[in-house]
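The values are calculated or read from the model by the stated rules, or taken from the named source; none is laboratory data. The model shown is predicted, which means the values in this text are computed figures rather than measured ones. Cβ atoms come from the backbone with ideal geometry, glycine included; neighbour counts cover every protein chain shown.
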Amino acid sequence: MTTKKIRKKDIGKLLGIWSQEFSVIVPSKEEGVAKMDRWDGKDISFLDWYRNTVVPSKDNFLPPMEKMFSFQKNRDGYHIEVPQDEQKQLIFGIRPCDARGIAIIDKVFTDTYEDRYYLSKRKNTILIGLSCTNPYDSCFCISLGLKPTESADVDLMFTDMGDEFLIEETADKGEELLAAASVVKEATKADEAKAKTVKATASGMVMRRIDTKDVGEKLQARFSDKDYWEKVAAKCISCGVCTFLCPTCFCFDICDELVKKQGARYRGWDSCSFRLYTKMPMENPREEKWQRVRQKVCHKFEFYPMNYDVIACTGCGRCIRLCPVNWDITQILSRLPGSVTSQSHK
Amino acid sequence: MEHKSEWEPRILGVLCKWCSYAGADLAGTSRKKYPANLRILKVPCSGRVDPLLILKCLRLGFDGVVVSGCHPGDCHYQTGNYRARRRIALTKKFLEYIGIPEERVKASWVSASEGLKFAQVVAEVAKDIEEVGPNKLFARDGD
Amino acid sequence: MEQVLRKEARKLLEEEKVDYIVGFAPGSLKFSTTPLITKEKEEIASLVINPFIVNNLAKFLTEVRGRVGIVAKGCDSRSIVSLIQDNQVVKEDVVIIGVPCSGLIDIVKVENLVGKDRDEIDDIALQGEKVVVTAGGKKRELPTKEVFFEHCLGCEFPTPQEYDTLIGEPVAALGDKELSRKKIKELQDMTPEQRWAFWKEQFRRCIRCYACRQACPACFCERCFVEESQPQWVSSVPQWQDNLIFQVIRNIHVAGRCTDCGECERVCPQNIPLRSLSKKMSDLVEEMFHYKAGIDRSAPALMSAYEHAEAEDLIR
C-alpha cells in the first residue's frame, strides 16, 4: 500500500468527489455538542476544532432508536414492512478508539445470530480515520493496545501534518477511493518522516494508563467482595451516560408501538446501569447499585475477553469526561489489588 | 362562527365518580342536550389524576382533556380535589409555556346535582377546542 | 475553610455521630470535583471546598444506609430540607455541614470564552468578582457574571437555610433575577407554535440516558413512571414525543421540590436546556402558591398543602 497526501484546503474537494457516490458523514456541532452528521457540502472547519464526538460512531450502526419493522392489519391479514437496506455512507474523521470500538462490537453482531440491521449498515459504510493530534487528558487508548494514530480498523487513515495531511491506505478499498481524485498526490519519504514525528508526539500526549495485565483474573479474585464493590460504586448515580456513550457498549431494548391496527417495532439503547435492566418477574439479580457497577466493570474487562479475546474498552475516555460524578474507570482499575499504579494525571 | 366540517373534536372527560360522573348521569336522565364530543373516563376522585394522564391523552391524539371533580370543600375524600386543583393549575400554565395551548386542558367542579352545569361545561369546552383546532402536536413527521 | 471542614468531618466520625461523611474530593479531570462517600477518617483529608463543587450531594441521602454527615451548599441544604418534608430522610440521621457558596464556575462557559478545553487550560482562579484564566502562557480576566452558572447568578439562598454547623460566614445572595432567566425570557417572547417547535427540536436530541433524573435529589421514586409497562406511559426508545413527555412530567412531578441546583442541565450530555423548564416550574410554583422549595422543614410539601380558595380562575 502506498502513502499519499493532500493539502488541508483540498479536503473539501475530496469529500465532494465522495459525495457523488456516498452519503458523507463528518464531525459537526449541534448546540455545542460534537457529533457525526451529514456533511453540508462545504464546511471543513471541523479540521480545526474537532477532538472527538460526544456520541461515538457506533450510533451509525446501532442508533439510539431504530425502526425494525412496521406492521398493519387489514381485512386480508398482516402486512409487515422492513426498512430497506441502508444507502452507502462514508464516515470521515472517525478516531482510532471509535473505529476499534466498532471492530469490537462486530463480534457480537456476527456471533450465533447475524444482526441484519447492524450488518446492512456496516457493509454499506466506509470508515475513513483521522489521527488524533490532540488527545484529551482523559484518553488512555495506549493501555488497550491502541495508539492515537492506529489505522488497523479503518479503510484510509488521514494524519494532520499542518498544511497537508498524510493518507495511508490500509485496505484495497482505500486505493479505489483515492483513484479518481487529482487533489491527492503521492507522499514523499520526507512526508512520511514528518507524519511519523506527529504520530510519536500524539502518542506521547496520552498520559493516563491502566494496567491490563491479568485484569480478568484480578477482577475474578474480587468478585464476591461486597465491601470492595460498595466502595467502588458509592458515588455512581446509575444513569446511562457511560454506557450510552461507550464505543463498545451494545445493549438494546425492544419496544412495540401500537395504535389501533398499525404500529411498529423499535429497538433502542439500554443500559446495565439502570436498576430495572435485568429485572425479571421473580427477582432482580442486580437490584443493588454495587452489583450493577461490578457487572459493568467485569463485563468489559473479564467476561468479554473470555468470550471474544478482546477487552471491551478502547480508552476513549468519554465515560470519565461526561460522567456526572466523575467516576473514573482508570482509578478503579489502578486501585484493583495487584495492579501497578502507573497512571499520571494532573 | 363557521362550523368546521369534517373534523369533530375528540375530548376526554376525566370525571370523579362521586360528583361529576353522577352529574353527567343526571344530565343524561334529565335529557339535557350537549355535544357528543366527550369520551368519559371515571376515576374515584379528581385527586387521582396525574398530569401524566393528561399528557398521554394529548399524545394519543385527543384534542382536549377536561378534568372534573367535586366542589372545593365537598370532596368525598375530603382533600382530593384540593390536590387536583394545584396539580392542574400548574399543568395548564406549564403546558402553555412549552407551547400547548391552555385551552386544551380544562378543569371544572360539577356536583352530582348539577346536570345542567355539566351540559354547559361540555358545550363550552367543545366550542373552545373547536376554535383551537385539531391536535397535531405529537404527530409524527410526515403525518 | 477546608481545614475547618476536615476538622469538623473528622470529629463527627471520631465521636461516632455519623456513619458516613458525604462531601467533595478533587476530581480526576482538571477543575473538577467528585463526590466522596466514606467511613474512613483517613479519606477526610481529601475533602475540598472550591468553585467547582457542583454536585447536589443530597441525592445520596436516599440511598446511603446509616447516619450521614453531609456537606451542603445553599441549594443542597434546601434539597435536604425538601427530602425531610417528604419523609424520605429523617433529620436525626443527618448532620448538615453547611458551606456558604458565593457561586460556582461553569467550566463549559470558561472553555467557550477562552476557546480551549479544560485540559488545555493551566489555571482558573476566583478572585472576588473576577475569574483569572491562564492558558498558553496568557492570562485573561473574566467577570464572574460571564462564567458562573446561571443558577448561581440568580441564587437567593447561598447560605444554607438549615444546618448543624456552618463552615465560614454567611454570604450575600447574588439574586440576579434577569441573568438567571435569560433563556426563559426568550422563550416567553415566542409564540406558542415557536415554543413547541423549539422544544420539539431539543427533544429530538435526547437519548434518554436519564442523567437528569438520576442527578436530581427530588427524583427519589423507586419506580419512575417511565419504567411502568402496565400501562406503558412513554416508549422506552427515545422518540421525541416521549422524550418531551418524560421531561415535562418529570418537572411537574418534582414541582415544589426543585431547588434550582442546575444539575439536570449540567449533566445532560446533549446540552438540552433543561433548566429552562425546571426554573420556569419553580417560578410558577412561587407565583401561584407562594411556595419555595426546602425553606421550612416543618412546612407541608407543596402538593400536601392547599388553601381554601386558590387558582379558582383556572377552574370552570
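Results, tabulated for the structure shown:
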{"item": "Sole residue being surrounded by fewer than 15 Cβ atoms within 10 Å (Cβ to Cβ), in contact (Cβ under 8 Å) with a residue 12 or more places away in the chain and among the basic types (Lys, Arg), chosen from C:LYS182, C:LYS200", "result": "C:LYS182"}
{"item": "Filtered residue count, segment A:157-175, keeping only those that are under 20 Å from A:ALA202 (Cβ atoms) and either among the β-branched types (Val, Ile, Thr) or assigned to a loop (DSSP other than H, G, I, E, B) (or both)", "result": "6"}
{"item": "Sole exception among (1) at pLDDT 95 or above; (2) assigned to a loop (DSSP other than H, G, I, E, B); (3) aliphatic (A, V, I, L, M) for B:MET1, by number", "result": "(1)"}
{"item": "Selection status of A:GLU217, more than 29 Å from A:SER19 (Cα to Cα), of a type in the set (D, E, K, R) and in a helix (DSSP H, G or I)", "result": "yes"}
{"item": "One residue from C:ILE84, C:ILE124, C:ILE49, C:ILE53 being under 23 Å from C:LEU12 (Cα atoms) and either part of a strand (DSSP E or B) or in contact with a strand residue (DSSP E or B) (Cβ under 6 Å, 6 or more places away or on another chain) (or both)", "result": "C:ILE53"}
{"item": "Residue that is more than 20 Å from the chain's Cα centre (by Cα), part of a loop (DSSP other than H, G, I, E, B) and more than 13 Å from A:GLY93 (Cα to Cα), where the choices are A:SER182, A:SER138", "result": "A:SER182"}
{"item": "Subset of segment B:60-71 [within 26 Å of C:GLN241 (Cα to Cα) and at pLDDT 95 or above]", "result": "B:PHE62, B:ASP63, B:GLY64, B:VAL65, B:VAL66, B:VAL67"}
{"item": "Candidates A:SER28, A:SER19, filtered to the one that is crowded, with 16+ Cβ neighbours inside 10 Å and among the polar types (S, T, N, Q)", "result": "A:SER28"}
{"item": "From C:GLU222, C:GLU228, C:GLU193, residue being under 18 Å from B:TYR97 (Cα atoms) and within 12 Å of another protein chain (Cβ to nearest Cβ)", "result": "C:GLU193"}
{"item": "Failed item, numbered, when C:SER79 is tested on (1) part of a helix (DSSP H, G or I); (2) more than 18 Å from C:THR34 (Cα to Cα); (3) small (Gly, Ala, Ser); (4) in contact with an Asp or Glu (Cβ under 8 Å, 6 or more places away or on another chain)", "result": "(4)"}
{"item": "Cross-chain or 6+ apart pairs with Cβ under 8 Å, segment A:30-57 first and assigned by TED's automatic domain parsing to the domain that holds A:GLY93, then acidic (Asp, Glu) and part of a loop (DSSP other than H, G, I, E, B)", "result": "A:ARG51/C:ASP117"}
{"item": "Residue identified as facing chain C (nearest Cβ under 9 Å) and either in contact with a helix residue (DSSP H, G or I) (Cβ under 9 Å, 6 or more places away or on another chain) or surrounded by fewer than 22 Cβ atoms within 10 Å (Cβ to Cβ) (or both) among A:PRO324, A:PRO285", "result": "A:PRO324"}
{"item": "Where A:ARG275 falls short, out of the listed (1) of a type outside the set (Asp, Glu); (2) farther than 30 Å from A:TYR78 by Cβ; (3) under 22 Å from the mean Cα position of the chain (by Cα); (4) outside any helix (DSSP H, G or I)", "result": "(3)"}
{"item": "Single residue of segment B:89-143 satisfying the filter (under 28 Å from B:HIS76 (Cβ atoms) and of a type in the set (S, T, N, Q)) that is nearest to the other protein chains (Cβ to nearest Cβ)", "result": "B:SER108"}
{"item": "Scan of segment C:30-53 for residues that are among the aliphatic types (A, V, I, L, M), within 9 Å of chain A (Cβ to nearest Cβ) and touching an Asp or Glu at 6+ places or on another chain (Cβ under 7 Å), ordered by number", "result": "C:LEU36"}
{"item": "Residue count for segment B:61-93, restricted to those that are assigned to a helix (DSSP H, G or I) and either under 16 Å from B:PHE118 (Cα atoms) or among the aliphatic types (A, V, I, L, M) (or both)", "result": "4"}
{"item": "Filtered residues of segment C:269-316 (kept if among the β-branched types (Val, Ile, Thr) and more than 11 Å from chain B (Cβ to nearest Cβ))", "result": "C:ILE272, C:ILE295"}
{"item": "Test result for A:LYS261, exposed (fewer than 14 other Cβ atoms within 10 Å of the Cβ), more than 9 Å from chain C (Cβ to nearest Cβ) and in contact (Cβ under 8 Å) with a residue 40 or more places away in the chain", "result": "yes"}
{"item": "Count of residues meeting criterion [of a type in the set (S, T, N, Q) and either crowded, with 24+ Cβ neighbours inside 10 Å or in contact with an Asp or Glu (Cβ under 6 Å, 6 or more places away or on another chain) (or both)] in segment C:252-275", "result": "2"}
{"item": "One residue from A:LYS199, A:LYS189, A:LYS231 being of a type in the set (D, E, K, R), surrounded by 14 or more Cβ atoms within 10 Å (Cβ to Cβ) and in the same structural domain as A:GLY145 (by TED's automatic domain parsing)", "result": "A:LYS199"}
{"item": "Subset of segment C:63-80 that is over 23 Å from C:GLY27 (Cβ atoms) and more than 14 Å from the chain's Cα centre (by Cα) - its residue that is surrounded by the most Cβ atoms within 10 Å (Cβ to Cβ)", "result": "C:ARG67"}
{"item": "Residues of segment A:230-246 classified as in contact (Cβ under 8 Å) with a residue 60 or more places away in the chain and assigned to a loop (DSSP other than H, G, I, E, B), total", "result": "6"}
{"item": "Residues located in segment C:173-190, provided they are within 14 Å of chain B (Cβ to nearest Cβ) and in contact with a helix residue (DSSP H, G or I) (Cβ under 8 Å, 6 or more places away or on another chain)", "result": "C:ARG181, C:LYS183, C:ILE184, C:LEU187, C:GLN188, C:MET190"}
{"item": "Options C:LEU36, C:LEU5, C:LEU13: the member that is under 20 Å from the mean Cα position of the chain (by Cα) and aliphatic (A, V, I, L, M)", "result": "C:LEU36"}
